[in-house]
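Just below is one structure, and these are the notes that go with it.
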Amino acid sequence: MNILLIEDETVIGDMIAMYLTDEGYTVKRVYNGFAGLAALDSFHPDMALIDYVLPDINGIEVCKEIRKYSFMPIIMVSMNTEVSNRVEALLAGADDYLCKPFSMKELVARMVAQLRRYHQVQHHEPVVSQEMANEFIRIDHEFRTIKVNGKEVEMTFSEFEIMKLLSNAPGRVFSREELITYLRGDTTMVNERSIDVHVTKLRNKIEKDPKNPQFIKTVWGIGYKYVLTKDEHKTLKKK
């Protein structure tokens with residue numbers, strides 16, 4: 001696996017690079033955000049580890065730029081433990097957030113969980129293109145796209161996975177714990193707030209009125225469900 005490490009701190013960056021190399025990963029170490037973005041085409045990473053604070057542009061901006069082109073897992077690392085910073089990273093498209101200092105074993109465990117989830121989705125998609133369709137939203141599983149009123153909207157890996165899971169089982173209530181396990185794997189420490197953040201951002205992209213959602217409903221005290229309205233219909237389309 002190719003790992004892009006964007007970390008300007010010499011000691012921790014060298015430590016991460018050495019440990020991951022010993023674990024069998026191929027690591028491309030860069031020291032700023034622009035160098036990280038430039039490495040995307042030549043290095044072809046399977047995952048990115050991004051420091052929140054970088055000397056040129058911050059990790060949030062790097063994460064947003066990567067998400068324009070790739071669904072690869074992104075883990076952001078930071079000295080900052082504030083909830084607001086975690087939320088900002090998740091909204092920018094990060095799949096996980098790890099606070100410094102951390103153990104190398106925990107970092108690898110989170111990486112394995114993210115890579116496992118990502119490659120399960122990539123390699124176990126059905127040969128048939130499944131499409132959930134209604135007058136407002138269209139989801140194409142094969143090409144991993146979502147269109148709202150005919151216009152494609154940008155989705156992070158986690159947002160698309162939540163939408164796919166909920167819409168594939170309309171009416172079923174998924175607990176936050178189930179969504180965490182589905183997205184991250186049961187070895188990664190993620191709190192329920194991150195799921196709420198992903199759902200909030202997803203609603204802002206697909207709902208006509210996000211504050212009064214029509215499709216993704218909250219089941220208080222449990223989790224979320226996808227609701228088919230009376231005007232909707234589902235189709236299975238073979239290409």
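For segment 35-80, what are the residues that are aliphatic (A, V, I, L, M) and in a strand (DSSP E or B)? Quick ask: steps written out before the conclusion?
Keep residues of segment 35-80 that are aliphatic (A, V, I, L, M), which gives 35, 37-40, 47-50, 53-54, 57, 60, 62, 66, 72, 74-77, 79.
Listed by number, the residues that qualify are M47, A48, L49, I50, I74, I75, M76, V77.
Search segment 26-52 for residues being more than 16 Å from A89 (Cα to Cα) and touching a residue at least 40 places away in the same chain (Cβ under 8 Å), and hand back the single one that is surrounded by the fewest Cβ atoms within 10 Å (Cβ to Cβ). Reasoning before the result, please.
Taking segment 26-52 and keeping what is more than 16 Å from A89 (Cα to Cα), we get 26-32, 34-46.
Now restrict to residues that are touching a residue at least 40 places away in the same chain (Cβ under 8 Å): 43-46.
Details: F43: 16, H44: 12, P45: 22, D46: 19.
That would be H44.
All but one of (1) at pLDDT below 85; (2) in a loop (DSSP other than H, G, I, E, B); (3) under 16 Å from the mean Cα position of the chain (by Cα) hold for I180; state the number of the condition that does not hold.
(2)
Consider only pairs whose beta carbons are under 7 Å apart and that are at least six residues apart or on different chains; among these, list those whose first residue lies in segment 79-106 and is of a type in the set (K, R) and whose second residue is surrounded by 22 or more Cβ atoms within 10 Å (Cβ to Cβ).
So the pair list comes out as R86/Y97; K100/V77.
Evaluate segment 1-9: report whether one residue or more is out of contact with any His (no Cβ under 6 Å at 6 or more places or on another chain), outside the structural domain of E159 (by TED's automatic domain parsing), over 26 Å from S84 (Cα atoms) and among the charged types (D, E, K, R).
no
Inspect all residues belonging to segment 53-73 and state whether any of them is crowded, with 21+ Cβ neighbours inside 10 Å, in contact (Cβ under 8 Å) with a residue 60 or more places away in the chain, closer than 17 Å to Y97 by Cα and out of contact with any Pro (no Cβ under 9 Å at 6 or more places or on another chain).
Looking through segment 53-73, at least one residue is crowded, with 21+ Cβ neighbours inside 10 Å, in contact (Cβ under 8 Å) with a residue 60 or more places away in the chain, closer than 17 Å to Y97 by Cα and out of contact with any Pro (no Cβ under 9 Å at 6 or more places or on another chain).
Only one of (1) assigned to a strand (DSSP E or B); (2) more than 23 Å from the chain's Cα centre (by Cα) fails for L5. Which number is that?
It fails just one condition, (2).
Among the residues of segment 6-24, write down those that are crowded, with 19+ Cβ neighbours inside 10 Å and either within 18 Å of A113 (Cβ to Cβ) or of a type in the set (K, R) (or both).
I16, L20 - these are the residues of segment 6-24 that are crowded, with 19+ Cβ neighbours inside 10 Å and either within 18 Å of A113 (Cβ to Cβ) or of a type in the set (K, R) (or both).
The values are calculated or read from the model by the stated rules, or taken from the named source; none is laboratory data. Computed from a predicted structure; not experimentally measured. Quick reminder, even Gly has a Cβ in these numbers, built from the backbone with ideal geometry, and neighbours come from all protein chains shown.
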